Amino acid sequence: MHLQTLLPILSVLGTTSAAVASKPAAHLWATHYSGDVYSLTLKNNDLSISQTLKTCGGMPSWLTLDPKTRTVYCTDESGSADPSTHGSLTALRVKSDGTLREGPVAQAVGGGVNSVVYEAGGKKFLAMAHYGGSAISTFALPIKQNQPTLQAFHFNLTRPGKVDQQDSPHPHQVILDPTGSFIVSPDLGADLLRVYAIEDGGKLSECPSVNITYGSGPRHGVFWTDGTGQSADAGPKKTAAIGETKLYLANEIGGTIMVFDVAYPRSGCLSFEKIQTMVPYPGGVMPKGATPAGISRVGDDIYVSIRSDQGFQPSDSMVLLDRSPVDGSVELRDSTSALGKVPRTFVINRAGDLVAIGNQASATVAIVRRDPNTGELGEEVDVLQVGQPGTIGLAEGLSSVIWDE
C-alpha cells in the first residue's frame, strides 16, 4: 500500500483511538457497613477509588440519588425497633469531580436499608424502609440538620413467621409505582406487600396489604408497564390509569420470583393478582443456602442476583430472565458470574451497556458489559476491592453501589 493511501487510514485510526481514550469518566458511589462511603471513577476500563468519606452513621446501607439537586441520600442501618436506638439519613452533596461532601443529617428510625425519592404537590419527599426497625418512614426534602420524620409507620407481626428471620416485620425496600402515585414495600418478615397511596401533601395513606405465600420472605421488586393509558381520577385519590402493569417480586426465603398483574381500581388503591411463581435458577432448583437478592430490568430483560450459590466458584451468580410478551410471565435465559461473593446489589447504567455489581462478602464492585440489543451480560471490565471483606450472613462488607446518573 502506498504511503499516500495509508496516511488517511492511520489518521482515522488515530482519531478513533483518541475518541476512545477521551471518553468521559463515569462516576459511582458505594457504601460499606464499616461506616465509609466511597466515590469511584471508571476511566478507560479502569475502576478506582477517588474518595473515602467517613459518614452516614455507623452502618451505611443504601444510596439514593436526586439528580436534579445533585444530592445523594444515605441511609444508616444502625439501631432497631427499640425506640431508644436510632439510625440516620444523611444528605451528601455531589461535587463537580463526582466526590461527595457531607450535608445535613436527620435522625431516623433504626435499621434503614432502602429509600426512594417521590414527588407530591410540586415538592419532593423520601420514603425509607427499616428492616431492623420494623417500620416505614418519610421525610420532606431537602432534609435539614436534625429534621424529624414526616411520618413513621411501625409494624408488629400478627402471626409467627416460618423461619427465624421472620421474627418480626422486616420491610426491605420501598418502590415507587410507574405512575408516581403509590409506594409498595416488600416486607420479608411479615410475608406482605405493604401498599401506600401518596397524598397531595406528601404524606402516605395506607392501602390494603397483599398477602404473599407463607415463608416466601419478599425482599425486592420491580415494576413493568407498557406505558399506555390516560390520566384518570380514581376516586378520592388521583392516580394514572395506565395500561398493562406487572410487578416482579424476588422472594429471599422461598427462593422464588412471583409475577403479579397490577390494576388501578377506582377505589384509589392498587390491586395485585399473582399469575406466576418460578425459581430463577438453572434446573428450577435453588441450591441450599442460596437466595435471590436484587432484581432490576431494562425493557423486557429482568435480572436477579443470586447470593451464596457459588455457581461460578468462587463467585456467585447473576441470572437473566426473559419476559413473555403474551402474559408477562418469565423464564430463565442465562446465568453468568457475579465476579464476587454475595451480590447484594447491582445497577445498570442509563446507556444499558454496563452493570455494576456490589458483592457484599468479597467487598468488591465488579463492572461487566451488557449488550443493549440482546440484554446478555458479557465480559468483565474491572473488579475493584472496596473496603474490607465481610462474613457471609452478617451485616458486614459492601452494602450498596449506584451510578452517578
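The values are calculated or read from the model by the stated rules, or taken from the named source; none is laboratory data. Owing to the predicted nature of the structure, the values given are computational and were not obtained by experimental measurement. Cβ placement follows ideal geometry from the backbone for every residue including glycine, while neighbour counts extend to all protein chains displayed. Ligands, DNA and RNA are excluded from the accessible area calculation, which covers all protein heavy atoms including side chains. Shrake-Rupley method; radii C 1.70, N 1.55, O 1.52, S 1.80 Å.
Entry remark, the range 243-282: residues being surrounded by fewer than 18 Cβ atoms within 10 Å (Cβ to Cβ) and closer than 15 Å to M318 by Cα number 2 in total. Within the range 319-328, the set of residues being touching a residue at least 40 places away in the same chain (Cβ under 8 Å) and surrounded by 15 or more Cβ atoms within 10 Å (Cβ to Cβ) comprises L320, L321, R323, G328. Please go through the range 299-318 and pick out each residue that is open to solvent by less than 10 Å² (accessible area, probe 1.4 Å) and either of a type in the set (D, E, K, R) or under 23 Å from V262 (Cβ atoms) (or both). Residues satisfying the conditions are I302, Y303, V304, D316. Within the range 148-164, is even one residue open to solvent by less than 10 Å² (accessible area, probe 1.4 Å), modelled with pLDDT of 95 or more and assigned to a strand (DSSP E or B)? Within the range 148-164, none of the residues are open to solvent by less than 10 Å² (accessible area, probe 1.4 Å), modelled with pLDDT of 95 or more and assigned to a strand (DSSP E or B).
Among the residues here, V113 does not qualify as open to solvent by 10 Å² or more (accessible area, probe 1.4 Å) and either of a type outside the set (S, T, N, Q) or not in a loop (DSSP other than H, G, I, E, B) (or both). Among the residues of the range 354-398, those identified as open to solvent by 70 Å² or more (accessible area, probe 1.4 Å) and over 18 Å from G58 (Cα atoms) are R369, P372, N373, E379, E380, Q385, I392, G393.
Criterion applied to S50, S96 was being polar (S, T, N, Q), within 21 Å of W403 (Cα to Cα) and touching a strand residue (DSSP E or B) at 6+ places or on another chain (Cβ under 9 Å), and the one residue passing it is S50. The single condition from (1) buried (at least 19 other Cβ atoms within 10 Å of the Cβ); (2) free of Cβ contacts under 8 Å to residues at least 60 places away in the same chain that L47 fails is (2).
Of all residues in the range 278-311, which are farther than 15 Å from A361 by Cα and among the hydrophobic types (A, V, I, L, M, F, W, C)? Those that are farther than 15 Å from A361 by Cα and among the hydrophobic types (A, V, I, L, M, F, W, C): M278, V279, V285, M286, I295, V298, I302, V304.
Within the range 1-32, being open to solvent by 20 Å² or more (accessible area, probe 1.4 Å) and modelled with pLDDT of 50 or more holds for S22, K23, P24, A25, A26, H27.
Let's see how each residue does on (1) touching a residue at least 12 places away in the same chain (Cβ under 8 Å); (2) among the charged types (D, E, K, R):
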| residue | (1), (2) |
| --- | --- |
| I253 | yes, no |
| D261 | yes, yes |
| S267 | yes, no |
| Q276 | yes, no |
| P280 | yes, no |
| G283 | no, no |
| P287 | yes, no |
| P292 | yes, no |
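Residues are listed down the side, and each one gets a yes or a no for (1) open to solvent by less than 30 Å² (accessible area, probe 1.4 Å); (2) among the basic types (K, R); (3) more than 26 Å from T291 (Cβ to Cβ):
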| residue | (1), (2), (3) |
| --- | --- |
| M59 | no, no, no |
| C74 | yes, no, no |
| D97 | no, no, yes |
| E102 | no, no, yes |
| A120 | yes, no, yes |
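Checked against (1) open to solvent by less than 30 Å² (accessible area, probe 1.4 Å); (2) at pLDDT below 95, P83 passes all but condition (1). As a summary of the residue check, F139 satisfies the conditions (1) out of contact with any Asp or Glu (no Cβ under 6 Å at 6 or more places or on another chain); (2) under 16 Å from R219 (Cα atoms) except for the one numbered (2). For the range 283-295, a tally of residues being closer than 15 Å to F346 by Cβ and open to solvent by 30 Å² or more (accessible area, probe 1.4 Å) returns 0. Quick check: is even one residue across the range 130-139 closer than 22 Å to L249 by Cα, open to solvent by 10 Å² or more (accessible area, probe 1.4 Å), in a strand (DSSP E or B) and not charged (D, E, K, R)? Looking for residues that are closer than 22 Å to L249 by Cα, open to solvent by 10 Å² or more (accessible area, probe 1.4 Å), in a strand (DSSP E or B) and not charged (D, E, K, R), one finds none in the range 130-139, hence no.
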